[in-house]
Structures are given as C-alpha cells and as structure tokens.
Amino acid sequence: MIEYSMFQRLPLRSQAEVLAKDGTILAQRQHKEWVVTLYALGDSFVELWSGKEAEVIGAFKKSASTLAIFEPYVDEINVQDYLDNGL
C-alpha cells in the first residue's frame, strides 16, 4: 500500500491507477454532471470526480471530520442493503 504523502506527489494518471488497485470504494453520489466516488486509501479519504471530459482527484485534510466527509453521501447509502447482507 502506498503512503498517502507519496500518493499526493504522483501524476493524476498514476493516482487513478493506485485508487483502482489499492483504494476501497465507500460511496458514490451524483453532483450536477459529475459522478463523485469516495475512496478509502490507507487511513485517508479521497474523492474521484468523473465527468464527460475530465477526472479530478481530491483529498481531504487529516483534520477533516469523518462525519463531514460522509455527509454528502448519506442520501445515497442504503443501510438496509447492509442489514440484509448481515454486514
């Protein structure tokens, strides 16, 4: 697993590859014309914003509250799915 400080220094294409390989998708939401995917990467949270012509990767500061990070995704998470699957 790559350290987050090293991840930040990678070119965008390499960051996308690391997210696909080592990141864990936690949630996904729609924002206007963007699909925003929240990943856990080690002990950090990273968002991948995917649009028709671009992808943007953004990271949260270590001081960011986990609740604040997840808040925009709450409406998209179906807790019943987790309960039904015994997770």
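The values are calculated or read from the model by the stated rules, or taken from the named source; none is laboratory data. Not measured: the values here are computed from a predicted model. Positions of Cβ are generated from backbone atoms using ideal geometry, with glycine treated the same way; all protein chains shown enter the neighbour counts.
Among the residues in the range 17-31, are any of a type in the set (D, E, K, R) and within 20 Å of ILE77 (Cβ to Cβ)?
Yes, the range 17-31 contains a residue that is of a type in the set (D, E, K, R) and within 20 Å of ILE77 (Cβ to Cβ).
Could you give me the residue pairs with C-beta distances under 9 Å whose first residue belongs to the range 2-13 and is in contact (Cβ under 8 Å) with a residue 24 or more places away in the chain and under 14 Å from PHE45 (Cα atoms), whose second residue is part of a loop (DSSP other than H, G, I, E, B) and small (Gly, Ala, Ser) wherever it lies, and which are 6+ apart or on separate chains?
Listed by first residue and then by second, the contacts come to ILE2/GLY42; GLU3/GLY42; TYR4/GLY42; PHE7/GLY42.
Is one or more of the residues making up the range 2-22 of a type in the set (S, T, N, Q), out of contact with any helix residue (DSSP H, G or I) (no Cβ under 6 Å at 6 or more places or on another chain) and at pLDDT below 85?
yes
Consider the range 42-54. How many of its residues are surrounded by 12 or more Cβ atoms within 10 Å (Cβ to Cβ) and at pLDDT below 90?
Going through the range 42-54 one residue at a time, the tally reaches 2.
When you scan the range 3-25, how many residues do you find that are exposed (fewer than 15 other Cβ atoms within 10 Å of the Cβ) and in contact with a strand residue (DSSP E or B) (Cβ under 9 Å, 6 or more places away or on another chain)?
Residues flagged as exposed (fewer than 15 other Cβ atoms within 10 Å of the Cβ) and in contact with a strand residue (DSSP E or B) (Cβ under 9 Å, 6 or more places away or on another chain) within the range 3-25 amount to 5.
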